[in-house]
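First up is the structure itself, then whatever we jot down about it.
Each value in this text was obtained by applying a stated rule to the coordinates, not by laboratory testing. Predicted model, so just to flag it, every value in this text is computed and none were measured. Counting neighbours? That spans all protein chains shown, and the Cβs are built from the backbone with ideal geometry, glycine included.
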Amino acid sequence: MRRSITTLVLLLAVLGLSSCLRLDPFLYNPSTDIDGYYLDDFDGETEIQLDASYDLPDSTTHVFTLTSDLDGDLAEIYAIYLGDIARIAQDTVILYLHGNAGHLDYYWPRIKLLGNVGGNNRFGVLAIDYRGYGLSEGTPTEEGLYVDTDAAMKWLKDNGLTDDRLVVYGFSLGSAPATELTANARTLQPSKLMLEAPFASDEVMAQDASGLSIPGSFLSNLQIDNGDEIRKVEEPFFWIHGTADSYLNMETHGEVVYGNYDGIYSEAHRVEGAEHSDVPAVMGYPEYTKAVEEFLLIQP
């Protein structure tokens, strides 16, 4: 989560206007003023920065659209696939679900870093811009996150991917669809779940943001509760979080999610001194990619 709402909530509370404030719109901070995806040629802000040693062949980078159906509200969703689409039926694929700010160019170095796990294009990587983000049509909503993610899974299934080779990786806001669709499978049942800087619930987020002892429902209509949904997840679970995260506090969010998991295998990576968006960089790219690779290859 890139936008801090604490000051705004407290100011409105002081003014007696907090009953008019909803957290819901503040969860989504998309950038839509773009005319295309530039990837390596993007000169705007990015989450992390990689040198040329992490470049991937142009022939393995595919930008395309898929259709997401939210109760008849069809939206064209933009996606990037790294790898050989013709080999999806044989490959293991990481479905990467990004945070609440920006668009695919903003997360491109993160996506590309996953494309380097185990060597260039060792694993397939699929990433999407949720509806309302980047060039994707529509307006961001909680259910939209889920149906857009499921649309990505449908595309993978149509191209031959099976449950046992799908790994879902959710960062920040992306932890919600990642956890939801692992706990309550729709099109595919992910074989592994990876969460980076997840939030526990909208309730905890409201409490942390407002600093007030009020119900989360006072500030949000959202029903997101990763801390509860993770209890349903049996698949292997990888959790990584920065100890200095000032957006989603590791103790009140990440530790809760990790502590509630009761599946067959879990591993925790608490990255000392890392903030919300720099975990791979602070951990070190070689160490990060090695940890991801080792998790992908485990046979619990």
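Taking the number of other C-beta atoms within 10 Å as the exposure measure, put VAL117, VAL292 in order starting with the fewest.
Working: VAL117 21, VAL292 24.
Going from sparsest to densest Cβ surroundings: VAL117, VAL292.
Does anything in the range 137-178 have its amide N under 20 Å from the 7 Å Cα→Cβ label point of ALA268, and if so which residues?
Residues passing the 20 Å test: 170-172, 175-176.
Quick check: pseudo-label points 7 Å beyond the Cα along Cα→Cβ at GLU143 and ALA86, how many nm apart are they?
Spacing of the two 7 Å Cα→Cβ label points: 4.1 nm.
If we sort 46-57, 103-114, 141-152 on the protection proxy, mean other Cβ atoms within 10 Å, highest first, what's the order?
103-114, 141-152, 46-57
Provide the gained length on full extension for the span ALA52 to GLN189, in nm with one decimal, where the gain is 0.36 nm per separating residue minus the Cα-Cα distance.
Numbers: separation 137, 0.36 × 137 = 49.32 nm, distance 3.52 nm.
In short, 45.8 nm is gained.
Starting with the fewest neighbours, write out TYR265, TYR28, TYR96 ranked by other beta-carbon atoms found within 10 Å of each beta-carbon. Could you put the intermediate results ahead of the total?
Details: TYR265 15, TYR28 20, TYR96 28.
Lowest count first: TYR265, TYR28, TYR96.
Suppose every Lys and Arg Cβ carries +1 and every Asp and Glu Cβ carries -1, with no other charges. What dipole size does the range 6-297 come out with about its Cα centre, to the nearest 20 debye? Can you show the working numbers first?
Details: 15 positive and 48 negative charges, 90 e Å.
It works out to roughly 440 debye.
Express as a percent, rounded to the nearest 5, the fraction of DSSP beta bridges in the range 6-297 (both residues included) that run antiparallel.
On the way: 14 of 40 bridges.
Bridges in the range 6-297 that DSSP calls antiparallel: roughly 35 percent.
Using the 10 angstrom Cβ neighbour count as an exposure proxy, how do ILE34, ILE224, ILE77 rank, fewest first? Kindly include the intermediate steps, with their values, before the conclusion.
Working: ILE34 18, ILE224 24, ILE77 28.
Arranged by neighbour count, lowest to highest, ILE34, ILE224, ILE77 become ILE34, ILE224, ILE77.
Starting from the amide H of HIS269, placed 1.01 Å from N in the peptide plane, find each other amide H under 5 Å away whose residue is 5 or more places distant or on another chain.
Amide H to amide H, under 5 Å and 5 or more residues apart or across chains, HIS269 pairs with TRP239, ILE240, HIS241.
Please list 3J(HN,Hα) in residue order for the range 96-110, calculated via the Karplus relation 6.51 cos²θ - 1.76 cosθ + 1.60 where θ = phi - 60°; whole Hz, with x for glycine and proline.
9, 10, 7, x, 8, 10, x, 7, 4, 4, 4, 9, 3, x, 5
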